[in-house]
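What follows is a set of notes on a single structure, which appears directly below.
The values are calculated or read from the model by the stated rules, or taken from the named source; none is laboratory data. Fair warning: this is a prediction, and the values are worked out from it, not measured in the lab. Virtual Cβ from ideal backbone geometry, glycine too; neighbours counted across all protein chains shown. Ligands, DNA and RNA are stripped out before the accessible areas are found, and what is left, the full protein with its side chains, is counted by its heavy atoms. Shrake-Rupley method; radii C 1.70, N 1.55, O 1.52, S 1.80 Å.
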Amino acid sequence: MLRLLQTFVDIALWRKGPQDLPASTVLASMVLFMYVAIEFIGVQMFDLSLRAAVVFIGVDVLMISGWLWLVLAFFGRRQRFVQTITATLGVGVMILILDITVRALQIGLGLGNDLASNWLLLRFLIIALVMGRIFMHALDRGLMTGMALTVAIIYSTEAVAQIMLGAV
């Protein structure tokens, strides 16, 4: 387990890519479970209702998975889906832990919204660069292509989540 965590850290630090993970659906499922569990904790720290949290997390996971599958299929790299989703969710777990830490500091220390605003901008940049690089490796394309895909996933997920929350 420690080796797996180190691999996710190495992916986040640009030392490795999704190709360095095994193409294991069991591993992908375990990482998905961790991602959903940690995202649920993080979402609850923002005082969302249980229904809103479930909708948000469901949309997030489905949008990431759907985008990845479609783009990998479009570029003829569908066989890389399991490794790419595992890397994406594994690094996502680490980012979610950072989210929870920043939110806990904000609440615990009574810090204003400045910390949250600054963290959101930094988080966006981290996600664009790290996930962009994961997609770059998965697609055999440039970093800009990977970053563009990342930005599309972020904004479309937010839009669909807002629509779904409005409909619920």
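To keep it simple, each residue is scored yes or no on (1) open to solvent by 50 Å² or more (accessible area, probe 1.4 Å); (2) hydroxyl-bearing (Ser, Thr, Tyr); (3) in contact with a Phe, Trp or Tyr (Cβ under 8 Å, 6 or more places away or on another chain).
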residue	(1), (2), (3)
Arg103	no, no, yes
Gly110	yes, no, no
Asn113	yes, no, no
Ala128	no, no, no
Met131	no, no, no
Ile134	no, no, no
Arg141	yes, no, yes
Thr145	yes, yes, yes
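So Trp67 fits all but one of (1) closer than 24 Å to His137 by Cα; (2) in contact (Cβ under 8 Å) with a residue 60 or more places away in the chain; (3) open to solvent by less than 70 Å² (accessible area, probe 1.4 Å); what number is the exception?
(3)
For Gln6, are the conditions met, namely being open to solvent by 20 Å² or more (accessible area, probe 1.4 Å), over 21 Å from Ser156 (Cα atoms) and modelled with pLDDT of 95 or more?
No.
Within region 77-84, identify whether any single residue is open to solvent by 50 Å² or more (accessible area, probe 1.4 Å), in contact (Cβ under 8 Å) with a residue 60 or more places away in the chain and either basic (Lys, Arg) or touching a Leu at 6+ places or on another chain (Cβ under 8 Å) (or both), and answer yes or no.
Yes, region 77-84 contains a residue that is open to solvent by 50 Å² or more (accessible area, probe 1.4 Å), in contact (Cβ under 8 Å) with a residue 60 or more places away in the chain and either basic (Lys, Arg) or touching a Leu at 6+ places or on another chain (Cβ under 8 Å) (or both).
Kindly indicate which of Leu96, Leu111 is on the phi < 0 side of the Ramachandran plot and part of a helix (DSSP H, G or I).
None of the others qualify; the one that does is Leu96.
Need the failing condition index for Ile163 against (1) farther than 20 Å from Asp47 by Cα; (2) surrounded by fewer than 16 Cβ atoms within 10 Å (Cβ to Cβ), just the number.
All conditions are met except number (1).
Looking at the structure I just gave you, is Ala87 open to solvent by less than 70 Å² (accessible area, probe 1.4 Å), under 16 Å from the mean Cα position of the chain (by Cα), among the small types (Gly, Ala, Ser) and within 26 Å of Arg3 (Cα to Cα)?
yes
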